[in-house]
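The values are calculated or read from the model by the stated rules, or taken from the named source; none is laboratory data. Computed from a predicted structure; not experimentally measured. Cβ atoms come from the backbone with ideal geometry, glycine included; neighbour counts cover every protein chain shown. Surface areas here come from the heavy atoms of the whole protein model, side chains and all, with no ligands, DNA or RNA. Shrake-Rupley method; radii C 1.70, N 1.55, O 1.52, S 1.80 Å.
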Amino acid sequence: SKLTALFEHPLYNIPIPEVTEKDKLFVVNPMEKFSLRSSGSDEWVSSSKAEMLLQTGKTPYDTYPAWLKFHVGINRYELYPRRDPLMPTLLRDLATQRIVSSVQKSGGTQLKLIMTFPNFGQALFKPMKQTRDQETPIDFFYFSDFERHNAEIAAFHLDRILDFRRIPPVSGRLINITKEIHDITTDKKLAKTFFISPAGNVCFYGECSYYCSTEHALCGKPDRLEGSMAALLPDKTLAKRRSWRSPWRRSYHKSKKAEWELNPNYCAQVRETPPYDRGHRLLDLIDMTVLDFLMGNMDRHHYETFEKFGNDTFLLHLDNGRGFGTHSRDEPSILAPLRQCCSIKKSTYLRLQLLATQPYRLSDLLREALATDPLAPILAEPHLQALDRRLGKVLEVVGRCLAG
């Protein structure tokens, strides 16, 4: 396995700083435990409702469902560890756990659902909008593009291969629209949007600002629908997140350009503006730029951080559905922060160089990672080939910076 070899490489074993109590997102009550409601059931209850004797040698943490262990493990330096023993369980839960509730997520331009499992875990479901081999039409503006479920899945695995580990775990899942949405939803607005199409398929469209109408309905075959299931981050009431506007945000206007597109020395003023004037925030943003260029995502207008850690922490790479829309052309403007600032983390640069070598070729690694997803194949082959070409272009830009 190339992937196993990659994660054993010295560049993927650089230790993170020691994690103290204040570096953890949550301080855990060591006595709080979870238990199954009854044998053979997949429902969990908190220890306040369950009296349970722990097996010898087991700690209360051992009783937590995978999603809760994921939340408890978040710290200042990483969303999850490199060699995370939880990951296979968490991805399997997203793909197979029984869905007990489906409601529409408010806000946003496209339909998304929040799905809840019996063990209180939750996932964000993004339904399939287009097939693997459809490319975004060349006349489409980036802000009128569809979000793709397979882009969310591929982005998670790519982010992990780059060793950023800033995207919450995502798995593909085939759901039954009737049994797993229609029959169990308590969302009255969503319930009103179901219908049977002329072809006899079950369809629904929800309520949102752009793509929620009968013309953009999501239809099953006859009621089976593909989608991505992303593990939700801890509730914002428990772990506040701060949203930051990207300095290289696009104008979201058909003819107006943003300042960074007109001023080649734009980076100089960003470097003088908090929080980019100290620490590694600008370098973290350039990491995100590299990720976005590799997958062709032009839609990175904001990013988030956990408030508890202040400015000294990683950026969350959320909302990646507009990646992997085109493989036949690259979008050089995405690399503007790298090109204009001529800065990149040494560790990121060394890993990118490694991923351009034959034994660790990026396309091979992502192909291998995606092969384990329930909806495989996730990306059409040309998208994987495009990754190697784009990686070459990133290294060219860094090479020019080094030479200059």
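Odds and ends about this structure:
- Kirkwood hydrodynamic radius (C-alpha pairs) into Stokes-Einstein, the range 274-346, 4 °C and 1.567 mPa s, D in µm²/s: 99 µm²/s
- Of the peptides 82-91, 218-227, the ranking by mean beta-carbon count within 10 Å, highest at the top, reads 218-227, 82-91.
- The peptide list 166-175, 20-29, 101-110, put in order of mean Cβ contacts within 10 Å with the highest first, becomes 166-175, 101-110, 20-29.
- Relative contact order for the chain: 17 percent, from Cα pairs under 8 Å spaced at least 6 residues apart, divided by residue count.
- Diffusion constant of the range 273-404 at 4 °C, which comes from Stokes-Einstein with the Kirkwood Cα-pair radius and 1.567 mPa s, µm²/s: 81 µm²/s
- The helix-only estimate of mean residue ellipticity at 222 nm for the chain, built from DSSP H runs of length n ≥ 4 each weighted as -39500 (n - 2.57), is -8000 deg cm²/dmol after division by the residue total.
- Taking a straight line from the alpha carbon of Lys22, these lysines sit under 22 Å away, with near neighbours fewer than eight places off in the same chain left out: Lys69, Lys236, Lys240, Lys308.
- When the range 241-403 is described by a simple charge dipole with +1 on each Lys and Arg Cβ and -1 on each Asp and Glu Cβ, the residue from Thr305, Trp260, Leu362 located farthest towards its positive end is Trp260.
- Cα-only Debye scattering, the chain: base-10 log of I(q)/I(0) at q = 0.07 Å⁻¹: -0.35
- Split the accessible area of the chain by element, probe 1.4 Å, and carbon with sulfur accounts for 54%.
- When peptides 357-363, 230-236, 322-328, 249-255 are ranked by their average number of other Cβ atoms within 10 Å per residue, the highest-first order is 322-328, 230-236, 357-363, 249-255.
- Computed magnitude of the charge dipole of the chain (debye, nearest 20; Cβ of K, R +1, Cβ of D, E -1): 460 debye
- Taken per residue, the accessible surface of the chain reaches 47 Å², heavy atoms only and a 1.4 Å probe.
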